[in-house]
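The values are calculated or read from the model by the stated rules, or taken from the named source; none is laboratory data. These numbers were taken from a predicted model, which means no experiment stands behind them. Reconstructed Cβ throughout: ideal geometry from the backbone, glycine too, with neighbour counts over all protein chains shown. Note: accessible area is taken over every heavy atom of the protein model, side chains too, but ligands, DNA and RNA are not part of it. Shrake-Rupley method; radii C 1.70, N 1.55, O 1.52, S 1.80 Å.
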Amino acid sequence: MQLPPTVTSRAFERLAEIGAADQGQALRVAVEGGGCSGFQYEIALDQPKEDDLILEGAGQKVVVDAISLPFLSNATIDFSEELIGARFVIENPNATSSCGCGTSFSM
């Protein structure tokens, strides 16, 4: 059974801080071929589309397209602030390995 990804309250709070919903945008999380490990995450602000899965919280939206959804089953979308920088991160239990920066993975 495929479960949809979840979004942490920190990720929704960060989207509110940057005013994504005020601009009519959502955080789009997609999976594309490429990257040093086989697949890579594409994370950007974008307009929701008709066939997107929409995850909502704190007045904000995170969207995942139908093609990327199986790759993100049961994943967690979070926001991390560390000394090296702040960014949205994905904890993906489906990934068998990932690169050092965490933007690409293999299954």
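Per-residue answers, yes or no, for (1) charged (D, E, K, R); (2) under 18 Å from LEU3 (Cα atoms); (3) more than 11 Å from the chain's Cα centre (by Cα):
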{"position": "ASP22", "(1), (2), (3)": "yes, no, yes"}
{"position": "ALA26", "(1), (2), (3)": "no, no, no"}
{"position": "PHE39", "(1), (2), (3)": "no, no, yes"}
{"position": "LYS49", "(1), (2), (3)": "yes, no, yes"}
{"position": "ALA86", "(1), (2), (3)": "no, no, yes"}
For this session: Select from region 14-43 the residues that are among the charged types (D, E, K, R) and either touching a His at 6+ places or on another chain (Cβ under 6 Å) or modelled with pLDDT of 90 or more (or both) and list them in ascending order.
Result: ARG14, GLU17, ASP22, ARG28, GLU42
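Take residues that are open to solvent by 70 Å² or more (accessible area, probe 1.4 Å), among the aromatic types (Phe, Trp, Tyr) and in contact with a Ser or Thr (Cβ under 8 Å, 6 or more places away or on another chain) and tell me which of the strands (runs of 3 or more DSSP E) falling wholly in region 1-71 contain 3 or more.
Per the criteria, no element qualifies.
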